[in-house]
Structure formats: C-alpha cells, structure tokens
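The values are calculated or read from the model by the stated rules, or taken from the named source; none is laboratory data. Just so it is clear, the model here is predicted, and its values are computed rather than measured. Here the Cβ positions follow ideal geometry from the backbone for every residue, glycine too, while neighbour counts run over all protein chains shown.
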Amino acid sequence: LVAFGQKFNAPVIGIFPLSPTIWGSYLSGNPMPFSYVPSYKTPFTDHMNLNERIQNTLIQLYEFIGTKYYYLPKQEEVVRNKMKFKGSENLPPLQSMLKNVSLHLIDYHFSSGYNRPFENNILQVGGLNLARAKIEPLDKELSDLMDKSKGVIYFSMGSHVKTSELGEDAVREIVKAFAQLSDYQVFMKWDGDFQPLGLPPNVKISKWFPQPSVLGHPKTKVMIGHGGLHGIMECIHHGVPFLGIPQFSDQESNTRFVVSSGFGLRVGKDELTSEKLLGAVRALLTKPEYKENAVKRSKIALDRVMAPLDLAVYGVEYVLRHQGAPHLRPAVLDLPWYQYILVDVISIIIIVPLVILFIVLKLSSWCRPFPPDPVLKK
C-alpha cells in the first residue's frame, strides 16, 4: 500500500495488528533492546537471564536478517511487477517507502504486554475493538443459564483455531475436566459439525457466542483460550482471569505475560490432561488473587488520556494537519547500522587510547639508557 502513497503523493499511515516485531521496529525507527524486550516467538518475559538473552538476541537477529534479505526483496518484486501506474517506474525502493510511513497505529498497549520504548511516530491503540464496544443484552436462554449458575467458564479458541481440530484426545480431556465442574455453566465455542463425545449437561456448545456480553457478565469467572492478543485484551478489559492453552505464533508469549502478571495460568498443548486443566481452572476459581490482579489490570487498561479509537482518529488528523508530520520521523532511519549501535564511537574510544599507549611504550623503550660496556679485566 505504501506505493499508493507515492502514486497519490499522500502520507501513509500504517496499522500493525500485533505486538511490535524486530523488523517492524527497524522500519519505523523504534528501539527494541534485546536485553529486556523479548521476541514474540519466545516464551521469555522482560526479565531474562543470560541464556534467555542470548537466545532472544539470536532469534531477533535471525528474523531481522530473514526479513531484510529474503522477505522484503520478494515483496519488492511484487511491487515492481504488479504496481503499474503512470510514474511507477520511478518508485523508490520498497524499504525506503516503508521507512517513510508517517505514522504507525499499533494494536498494542502496555496493559496487555511488557513495557517497552516507543518513538513519537507510533501510537498505541490497543483495544480498538473494545473502546466503544457495546455490551448487548444476552438472549433469554444464555441469560437464564448464567443467572442460575454458580458461575460461568467461557471456552473459546478464537477464529484461527478450530476447537474441533485440537485432536480427539485433547477434546476428550477438555470435556472430562468440564464434567467435574458441574456447579459451573460452561460455554464452549465449538465449530465442528458433530457434538463432542460425552458432553456433560453443564456444557453448552455453539459456533458463536456474544463474547463481549459473556465476558462482561458478572457471573463469568474464567476464560479459557489460545492466548491470542485480542482475546487477552478482552479479558483484561472486563477483569476476567485467563487460562491459556497456546497453539502457535505469539500465543505462547502472550500467555506467559498473563502468568507473569498474576491474572492467569497456562497449560501447554502437549501436556493437556483433564487433571491439569481442572487444577488450573479450580485455582483460578478459588484463589482470589487471580481475580484481584485481573481487576487491577483492567483499571490500568481503562485509565487512558484518550480512548484507543479517539487516539487513532487524532493521529490520522494530526498527520493531515501537518502535511505528513515529517517531524515525527526518527533520525535513526537515516543512520547506517554501525552509527546506530555506535560501532565507530566505541572503536575510537577503545582504539585511540590503545594506540597512544602503544606509542608511549615504544618511545619509552627507545629512550631507555644503554647499559655501560663491560670493563675488560687483564
């Protein structure tokens, strides 16, 4: 899309739906210190030991090199072959166009991820889908089920993971765990054309539930999900403890954040048994600190100068008012890598004193008095 900015001579505003990546940070000029900013591909927190920092650095560099020297050149070919319009032959290199995006709207907020630095050309608008979300009244069937229950456990693996495709063993263990929570009503998002075997009476399955309304209901006690960023944001928004069963991508990292923040737990997909799932759910139901931490996290998420949608609108209008807002562009985007990480400065600081020391030692060796000639004895 950045090519259209060139075609119409218009500023470009980017939207990023995940937590920042190394290549996204590179193209926006945003710092990403490997010492305390973990890759979304790792299970690490923002407090890493030496081994974790080494792994994090290698993973970040691998992703950066792969993007810069493989992925971006492939995209460059697409732009050159498909973007045909008057003057397209004069398009700057893709990387140059990406580095000149006026503003980045990132669907991220420090309430749902580790604290990290952001430049002025990046706005955190995490929770765009929640800021003005209207909680619609539940239909009578769902409302009655919730009202007469001790509490509700909501199970949803989102839109990218089909519960019916988790595997027969995993589904059996999940259903077995829910059967032992007979005092609680379970809403289970189920997208298969068949009903899970042994489904207990306290579990209602459906291909769709009004998630904001379910999570916003006072009877909802726990959400179980795959650890997608937006599902966790919704839990935080409503102050609901979360149990993650991460499957791929950033879900492991997101779930580890939930655990480290104290408002949820994790069960690995390879260790999913009814006993472990039941133990985790009961811990979230019975230990008040999980709910307390979820409510604290919700207050952090809601305490903003401006709602996410309003902030996004303000950012777009700001760029228009200031003709692309070039003053927001970090100078680092114009620096070669060795200047950015101060290789030249560090080299001078180290090499110059060593050269001076070498010269002094060499001169002192030359100025040393020669020993007297030995006196020959008769």
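Among residues of the stretch 163-179 that are assigned by TED's automatic domain parsing to the domain that holds LEU272 and more than 14 Å from GLN195 (Cβ to Cβ), those with a beta-carbon under 7 Å from a residue that is assigned to a helix (DSSP H, G or I) and of a type in the set (Ser, Thr, Tyr) at least six positions away or on a different chain give the pairs GLU173/SER274; LYS176/SER274; ALA177/SER274. Are any of the residues in the stretch 144-152 touching a residue at least 24 places away in the same chain (Cβ under 8 Å), under 30 Å from VAL305 (Cβ atoms) and among the small types (Gly, Ala, Ser)? Checked the stretch 144-152: no residue is touching a residue at least 24 places away in the same chain (Cβ under 8 Å), under 30 Å from VAL305 (Cβ atoms) and among the small types (Gly, Ala, Ser).
Do we find a residue being farther than 22 Å from PRO38 by Cβ, within 20 Å of the chain's Cα centre (by Cα) and not assigned by TED's automatic domain parsing to the domain that holds GLN124 anywhere in the stretch 279-291? Within the stretch 279-291, none of the residues are farther than 22 Å from PRO38 by Cβ, within 20 Å of the chain's Cα centre (by Cα) and not assigned by TED's automatic domain parsing to the domain that holds GLN124. The number of residues in the stretch 258-276 being surrounded by fewer than 24 Cβ atoms within 10 Å (Cβ to Cβ) and either more than 16 Å from the chain's Cα centre (by Cα) or among the aromatic types (Phe, Trp, Tyr) (or both) comes to 13. Is it the case that ARG80 is assigned to a helix (DSSP H, G or I), over 28 Å from TYR318 (Cβ atoms) and at pLDDT below 90? Yes; evaluated as a whole, the condition is true for this residue.
What is the residue count in the stretch 13-50 for residues that are surrounded by 19 or more Cβ atoms within 10 Å (Cβ to Cβ), in a loop (DSSP other than H, G, I, E, B), of a type in the set (A, V, I, L, M) and within 12 Å of the chain's Cα centre (by Cα)? The qualifying residues number 1. Inspection of the stretch 81-98 finds a residue satisfying the criterion of being at positive phi and exposed (fewer than 13 other Cβ atoms within 10 Å of the Cβ).
When the stretch 327-340 is filtered for residues that are exposed (fewer than 12 other Cβ atoms within 10 Å of the Cβ) and not charged (D, E, K, R), the ones remaining, listed by number, are HIS327, ALA331, PRO336, TRP337.
Taking first residues from the stretch 97-119 that are in the same structural domain as GLY29 (by TED's automatic domain parsing) and among the β-branched types (Val, Ile, Thr) and partners that are modelled with pLDDT under 90 and in a loop (DSSP other than H, G, I, E, B), the Cβ contacts under 7 Å between residues at least 6 apart in sequence or on separate chains come to ILE106/PRO20. Among helices (runs of 4 or more DSSP H) entirely within the stretch 224-315, having at least 2 residues that are farther than 21 Å from PHE44 by Cβ and of a type in the set (D, E, K, R) singles out 274-286, 288-302.
Of the strands (runs of 3 or more DSSP E) lying entirely inside the stretch 99-177, those containing at least 3 residues that are of a type in the set (A, V, I, L, M, F, W, C) span 103-106, 152-155.
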